[in-house]
Structure formats: structure tokens, C-alpha cells
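Structure, as C-alpha cells:
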Amino acid sequence: MTVSRVSASRVALAGGIALSSVVLLSGTAFAHVSVQPQGEAAKGGYATVNIKVPNERDNASTVKVEVNFPLDHPLASVMPQPIPGWKAEVTKSKLGTPLKLHGKTINEAVSKVTWTADGSKIGPGQFQQFPLSLGQLPEDADQLVLKAIQTYDNKEVVRWIEEQKEGGEEPQNPAPVLKLSAASADHHGGAAAPSASASAAKDEKAGHEDKTASHEETASAGSSDTTARILGVIGILVGIAGVAFGVLAGRRRSA
């Protein structure tokens, strides 16, 4: 092997190692705790979200997850969905300013939900989703920052509490952020029912489409019938021509 070939092989090997390192580091950087709405999370409505917790360690498992809720935009209702192998605990705190909800005065709101492993855990190369029902979402905020704390069975604690600054780079341990969409008409995170005029227009359009389809089917049928008749006439003419040709051929043989 020549020197140039050896150098080329070393360069290729170094490049491959560098690329692998970049891929691995990128995967680790993006594997952080996040909150993902299931459907719409509209202002003033209710929503179901998943707290997604990946395990970032190769030699430890996640055994505890804590998610904190902001009290400057309090949520009167935060309900965790039961998960086999995990115990959920909801913590409430007293509000400095009571919250008015459905004509009732709310003096305390959920400040934290903690999941603790109870026969299960998040192992290396795995993730777990923790569903929550939230409401009523604030009407005067575009997002909710839900700071999270992840604890491993080797006593290591990772705090996902750094807030993203506008125009800045993503922090090393970003806090999960729930983006809120514009308020919907029913305040339950669902689409508003169509108006009567919209329904009438939809029905009229459907009727027009049915008539058009019927007309096209009739025209198609008429076209097919015409084609069949033409082919039939051509067949008859061909048959007559064949008979005439046979008669003339017979006369020629007789002559």
C-alpha cells in the first residue's frame, strides 16, 4: 500500500469518527423533556398533553419526574392519567389572588405533579409519556413554561428549567414549553360548530355536485349507447360487403 493510500484511509477514518460523534452529540442535545399537546391547546379551553421524558444515560434509569406549573397563570385542574408502574402525586399551592372559574372562587391551584417509579422505570435508550388533562388554560398568555426535574437511580438530578430567550440559542437544559393557540368558540379546545349559512352552502354545493355527477353519468351512458349503435351498423355493413364479395366470387368461378 502506498503512502497516499494510507493517508487517504486515515483521513476517511477520522472523518467517519467525527461524523459519528456529531450525530451522537446531536441526538443527546435534542433528547430533552418536552410537553406535547394531543390536539389543540387553546386559550381559555381545556387540553390533554403528554410530558415526554427520554432517558439520556447509558448506565442509569429514570425513577422520578417532577413537573412544575406557573402560579402567575394558575390552572385549577391538572389531572394525571394512571400509568402502570408509576405513582402520581398532585401538589396544590395557595394563590395570592383567588381565581374565578365557572362562577366559583378558587383559592389554590396545582403547582406540581410528581411521578415516582413504583415497579417500573425509564431505562437506557427508552422514553416514557405522562399524560395530563389541563384546564382551564389562561386567556392572557401565549405559552406555559413547565419546569421539570428528572431523577436517576444513581441519584443524579437533571433540572430542565432554563427558559428560551427570544432570538437566542436553545439552552442546554431547556424547560418544556406548552404553546397556546387562539381561543376557540366553545372554550374546550375543539373546533367551533359550523353556522347555519355555512351548512346550507355545504348542502347546496353537495346537491350541485350530485346533479353534475348524474349529468355526467347520463352523458356517459348516452355516449356508450351511440358508440354501440355505430359499431353495430359498421358490423352489418361489413357483413353485407362480405356476402356480396362471396356472391361475386362464385359467379366468377362459374364463368
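The values are calculated or read from the model by the stated rules, or taken from the named source; none is laboratory data. This is a predicted model, so every value here is computed, not measured. Side chains included, ligands, DNA and RNA excluded: accessible areas come from the protein's heavy atoms. Shrake-Rupley method; radii C 1.70, N 1.55, O 1.52, S 1.80 Å.
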Regression test value, accessible area per residue of the stretch 36-140, probe 1.4 Å, units Å², expected 52 Å²
Any of 100/165; 43/87; 43/112; 43/92; 87/112; 104/147 with alpha carbons more than 25 Å apart? Name them for me. 100/165; 43/87; 104/147
Amide H of residue 160 versus every other amide H placed in the peptide plane: which residues, excluding those fewer than 5 positions away on the same chain, fall under 5 Å? 148, 149, 150
